[in-house]
Amino acid sequence: MELHGGQIIGGERSALSGEVFHGVDPSSGEQLNPAYFEATADEIDQALRLAESVFDEFRKTTPGQRGAFLDAIADETEALGDELLKRASAETGHPLPRCAMERDRAVNQARLFAGFVREGSWVDARIDLGDSGRIPMPKPDVRSLMQPVGPIAIFGASNFPIAISVLGADTISAFACGCPVVIKAHPAHPGTCEIAAQAVIAAALKTGMPAGLFSMVHGKGNAVGEELVRHPATAAAAFTGSLGGGRSLFETASNRPIPIPFYAEMGSVNPIFVLPGALAERGEEIAGEFVGSLTMGVGQFCTNPGLVLGLKSEQWDNFSKSAAEKVGEFVPQTMLHAGIHHAFTSGVEERKKSSDLHLVGESSRAASVEKSEAACYLFETNAEGLAANPELAEELFGPVSTLVKCSEPSDMEAFAKTLSGSLTASVHGTEKDLEEYAGLISVLEKKAGRLIFNGYPVGLEVCHSIHHGGPYPATCHSYFTSIGTRCIQRFVRPVCFQDWPQSALPPELKDENPLEVLRILDGEYTRDAV
Ligand code: NAP
């Protein structure tokens, strides 16, 4: 496929003009062709006006039509073949098998949503039948369901060039409920975005969807993203990325004359608590698995385990020694881009300066700066050191973690109470540990979006029950997830119909329930007709 470098506005490619930037191979610093053109305010306006103009047509498509569209996106993504994978690998340094894994995740996700939207019960239809004879006041007929909000502005993250980008859950869930999308291509993988966009465009054409439901604009720097969020036609925005970027755009969304919901999924520290029973039974095994989780994808996951806490003991010292040895074996690998590499290496240098932190493990092979390679680092401290270095409880993106040797069991609960919101918290323990540390677990339920038992945070199951979110700063809205079918809830709002005639009601609210969705009818869940 010949790459173009311009904006894609409703399936049409814009003229090439304005400021340019390039994708870069982080392993060599080589600029990749073509040049990408930053979107102008006019182009952003065109994309959002077009999205707004097709919203009514798109939201009125049937669940079957939208399911077919999502299935076609999955098929067209597969049909892109190796070209998508090779470009993603060149722009991010991810090995090809990792890119293939991401592509498969995106394909499966589109098919999961296709089934979910066809089944239809996600609209949360509720019916309370009227009673004109009720004394002292007649009871109205009240019915409600979820409806799409309008055009969605989407920002993907650099670390998932396929699975959390153009083909990510944000785009797919917006389409599933009937919202058009304008996505900002990530400037660190613009070519991957352009190739992936072809799958969406082809699927829309194949299934008779309005072309204006999808546009993609480019930009390096903040201006394009801010304009997308500020534009009056944008009804909501979804962002995956850093805390700084998410917070800044959240404020832009809130400061608009008409504020809009801004759903930011950001990074977190993802603590692991290794309780004494687990340490005694499987300390060495956990050490190896933890380092595997820490170094997967060169530590570039929002769920990367940044802290590991356990109780001072001989077993803990063995655990620490074993984890440090494994860290030593990690062969340095190329990070996503030079900026992330610089942030990582300077963050590690800062930690090395702290007298409370001891570097207990480090890759034995040196990392190459020219290739933007990261070595792995493991620090150790105690509860006092953790309290004295609050930055340890913040994400440092890359393969670095800190072990915290606690003197008292209560130190772990005390730390958990100070923990900011986190995407995950993991607990290694036995049934007895869980009883003894019930206070800690209770605190963690209030701090994390996903609690993992005897497992590791990296690697998410994309399914109906997953929750990938958490209290701030993990996200801006702790109720919502950015992965799994529940993420459709970000782009809908309840609309209530009072005393409307049958002929004018949406199908899901009609008496005969033609789509056979699960509804709450006078307080009872049922698929029955009224
Ligand atoms: P990023 O630097 O925040 O960038 C994300 C996107 O937002 C880019 O398109 C970026 O464009 C734009 N952006 C950032 N700040 C902006 C601002 N102030 N105004 C307007 N646009 C802005 O994040 P990243 O480096 O791509 O991704 C790594 C981060 O994502 C890590 O912190 C990781 O933990 C997090 N992450 C979270 C999840 C999750 O599900 N919670 C998943 C994956 C990654 P420009 O670069 O052009 O500014």
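The values are calculated or read from the model by the stated rules, or taken from the named source; none is laboratory data. In this text, all values refer to a predicted model and were calculated from it rather than measured experimentally. Here the Cβ positions follow ideal geometry from the backbone for every residue, glycine too, while neighbour counts run over all protein chains shown.
Of the residues making up region 102-119, just one is within 17 Å of G178 (Cα to Cα), among the basic types (K, R) and out of contact with any Gly (no Cβ under 8 Å at 6 or more places or on another chain), namely R111. Within region 122-140, the set of residues being part of a loop (DSSP other than H, G, I, E, B) and of a type outside the set (A, V, I, L, M) comprises D124, G130, S132, G133, R134, P136, P138, P140.
Do the conditions hold for G156, that is, is it of a type in the set (G, A, S) and at pLDDT below 95? In short, yes.
Only residues that are touching a Leu at 6+ places or on another chain (Cβ under 9 Å) and among the β-branched types (V, I, T): list them for region 7-38, please. Of everything in region 7-38, those that are touching a Leu at 6+ places or on another chain (Cβ under 9 Å) and among the β-branched types (V, I, T) turn out to be I9, V24. Looking at region 186-204, can you tell me whether even one residue there is over 18 Å from L112 (Cβ atoms) and of a type in the set (D, E)? There is at least one residue in region 186-204 that is over 18 Å from L112 (Cβ atoms) and of a type in the set (D, E).
Yes/no matrix, rows are residues, columns are (1) without any contact (Cβ under 8 Å) to a residue 40 or more places away in the chain; (2) of a type in the set (G, A, S):
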position: F160; (1), (2): no, no
position: C177; (1), (2): no, no
position: V181; (1), (2): no, no
position: H186; (1), (2): yes, no
position: H189; (1), (2): no, no
position: T192; (1), (2): no, no
position: A196; (1), (2): no, yes
position: V200; (1), (2): no, no
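Taking the numbered list (1) within 27 Å of T334 (Cβ to Cβ); (2) away from the ligand (no atom under 16 Å from the Cβ); (3) in a helix (DSSP H, G or I) in turn, G277 passes all entries but (1). Applying the condition of being in contact (Cβ under 8 Å) with a residue 40 or more places away in the chain and among the basic types (K, R) to region 61-113 and asking which residue is surrounded by the most Cβ atoms within 10 Å (Cβ to Cβ) yields R87. For region 416-444, residues that are over 27 Å from G245 (Cα atoms), part of a helix (DSSP H, G or I) and of a type outside the set (G, A, S) total 9. Restricting attention to region 370-391, the residues that are part of a loop (DSSP other than H, G, I, E, B) and within 11 Å of R351 (Cβ to Cβ) total 1.
So is A264 buried (at least 22 other Cβ atoms within 10 Å of the Cβ) and within 16 Å of the ligand (Cβ to nearest atom) or not? Criteria met by A264. Taking the conditions exactly as written (free of Cβ contacts under 8 Å to residues at least 12 places away in the same chain, farther than 30 Å from A504 by Cβ, more than 16 Å from the ligand (Cβ to nearest atom) and not assigned by TED's automatic domain parsing to the domain that holds G339), does P136 satisfy them or not? Taking the combined requirement at face value, the residue does not satisfy it.
Just one of the listed residues (H468, H464, H477) is in contact with a Lys or Arg (Cβ under 9 Å, 6 or more places away or on another chain), outside any helix (DSSP H, G or I) and more than 15 Å from the ligand (Cβ to nearest atom), and it is H464.
Go over the candidates C193, C179 one by one and state the one that is surrounded by 24 or more Cβ atoms within 10 Å (Cβ to Cβ), under 26 Å from C496 (Cα atoms) and either in the same structural domain as S248 (by TED's automatic domain parsing) or among the hydroxyl-bearing types (S, T, Y) (or both). First the steps, then the outcome.
On the way: C193 fails: under 26 Å from C496 (Cα atoms).
One residue alone meets the criteria, C179.
Here is a check on your reading of the model: is G484 in the same structural domain as A174 (by TED's automatic domain parsing), within 16 Å of the ligand (Cβ to nearest atom), modelled with pLDDT of 95 or more and not aromatic (F, W, Y)? Before you say what the answer is, go through the steps one by one.
Details: in the same structural domain as A174 (by TED's automatic domain parsing): yes; within 16 Å of the ligand (Cβ to nearest atom): yes; modelled with pLDDT of 95 or more: yes; not aromatic (F, W, Y): yes.
Yes, satisfied.
In region 340-364, the residue that is farthest from the chain's Cα centre (by Cα) out of those that are under 23 Å from G29 (Cβ atoms) and surrounded by 14 or more Cβ atoms within 10 Å (Cβ to Cβ) is S363. Out of the residues in region 286-337 meeting the condition of being assigned to a strand (DSSP E or B) and within 16 Å of the ligand (Cβ to nearest atom), tell me which one is farthest from H468 (Cα to Cα). By that ranking, first place goes to T334. Looking at region 426-440, is at least one residue under 23 Å from L294 (Cβ atoms), out of contact with any helix residue (DSSP H, G or I) (no Cβ under 8 Å at 6 or more places or on another chain) and within 15 Å of the ligand (Cβ to nearest atom)? The answer is no, given that none of the residues of region 426-440 is under 23 Å from L294 (Cβ atoms), out of contact with any helix residue (DSSP H, G or I) (no Cβ under 8 Å at 6 or more places or on another chain) and within 15 Å of the ligand (Cβ to nearest atom). In the condition set (1) under 25 Å from E19 (Cβ atoms); (2) touching a Ser or Thr at 6+ places or on another chain (Cβ under 7 Å); (3) away from the ligand (no atom under 13 Å from the Cβ); (4) among the aliphatic types (A, V, I, L, M), V229 is compliant with all but (3). Restricting attention to region 398-414, does a residue exist that is assigned to a loop (DSSP other than H, G, I, E, B) and within 27 Å of V331 (Cα to Cα)? Checked against the condition, which is being assigned to a loop (DSSP other than H, G, I, E, B) and within 27 Å of V331 (Cα to Cα), region 398-414 yields at least one hit.
Between a first residue in region 211-234 that is over 20 Å from S248 (Cα atoms) and a second residue that is assigned to a loop (DSSP other than H, G, I, E, B) and within 15 Å of the ligand (Cβ to nearest atom), which pairs have beta carbons less than 6 Å apart while being 6 or more apart in sequence or on different chains? Every condition considered, the pairs that remain are M216/A185.
Checking every residue in region 237-250 against the condition of being over 30 Å from M412 (Cβ atoms), more than 13 Å from the ligand (Cβ to nearest atom) and in the same structural domain as G81 (by TED's automatic domain parsing) gives zero matches. Looking at the structure I just gave you, is E57 touching a residue at least 12 places away in the same chain (Cβ under 8 Å) and in contact with a Pro (Cβ under 7 Å, 6 or more places away or on another chain)? In short, yes. What number of residues within region 1-44 are at pLDDT below 95, surrounded by 18 or more Cβ atoms within 10 Å (Cβ to Cβ) and of a type in the set (D, E)? Number satisfying all stated conditions: 0.
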